[in-house]
Every structure is written in C-alpha cells, then in structure tokens.
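The next block holds one structure in the form of structure tokens; read it before the comments.
The values are calculated or read from the model by the stated rules, or taken from the named source; none is laboratory data. As the structure is a computational prediction, the values presented were derived from the model and not from experiment. Neighbour counts are summed over all protein chains in view; Cβ atoms, including those assigned to glycine, are modelled from backbone coordinates with ideal geometry. We work out accessible area using only protein heavy atoms, side chains counted, and drop any ligands, DNA or RNA first. Shrake-Rupley method; radii C 1.70, N 1.55, O 1.52, S 1.80 Å.
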Amino acid sequence: METINASDFKARCLAILDRVQTTGERIVILKRGRPVAEIGPSNASAAEYPQMELKGTVTVVGDIVGPALPEDYWESNAT
C-alpha cells in the first residue's frame with residue numbers, strides 16, 4: 001500500500017484517483033507523517049441498493065405482522 005503526503009495528494013488528486021480506479025491499489029494519505037485517510041476503489045457497483053448490504057443481518061423473533069399486545073390489553077370505545 002502506497003503512502004502520499006497530503007500536499008502531494010492535493011496537487012495530483014485527479015491523477016491519483018484515476019490510478020486507484022485503474023489499478024485497484026489503495027493509497028494512504030499522510031498529514032505531518034500520520035495517516036489521516038485511505039483511498040481505495042469504490043465497491044458501489046457491488047450492491048444495487050445500499051440496503052442490500054444489510055441482507056442477512058436481521059433476525060426475526062416472533063410474529064412481525066400481528067399486534068404487539070394481545071387483545072386483552074386493547075381499549076375499546078365501542079359500546
């Protein structure tokens with residue numbers, strides 16, 4: 001993984017972004033010698049919708065269609 005100073009990144013930003021897109025290489029941006037950001041290829045094409053990343057992460061417990069409380073707890077205004 002290559003590292004680059006923030007001032008160099010600022011000067012050559014578009015060329016660096018093109019290189020990341022072409023090669024898939026990740027680049028770490030340094031500010032005063034410390035890593036502050038990492039640039040890598042986008043994986044936006046992997047998911048058609050952002051919500052698709054959540055697929056398979058939810059566990060359904062109980063009835064998700066029925067009422068939350070049993071009928072005994074319901075109030076009725078009907079006479």
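Using just its DSSP H runs of length 4 or more, each adding -39500 (n - 2.57), the chain gives a mean residue ellipticity at 222 nm of -6000 deg cm²/dmol after division by all residues. Sites counted here are GluC sites (Glu not before Pro) in a DSSP loop (not H, G, I, E or B) having no more than 16 other Cβ atoms within 10 Å; the longest part of the chain that contains none of them is 49-74. Under conditions of 20 °C and 1.002 mPa s, the chain yields 122 µm² s⁻¹ as its translational diffusion coefficient, taking Rh as the Kirkwood radius over Cα pairs in the Stokes-Einstein equation. Charged side chains reduced to their Cβ positions (Lys and Arg at +1, Asp and Glu at -1) give the chain a dipole of some 980 debye around its Cα centre. Ligands, DNA and RNA left out, the accessible area of the chain computed with a 1.4 Å probe is 53% carbon and sulfur. Only protein heavy atoms count here; under a 1.4 Å probe, LEU14 has an accessible surface of about 130 Å². Work out which trypsin sites (Lys or Arg not before Pro) in the chain are exposed loop sites (DSSP not H, G, I, E or B, at most 15 other Cβ within 10 Å) and give the longest gap free of them. Looking at the chain, 56-79 is the longest stretch - no exposed trypsin sites (Lys or Arg not before Pro) with at most 15 other Cβ atoms within 10 Å. Beta bridges assigned by DSSP with both partners in the chain are antiparallel in approximately 55 percent of cases.
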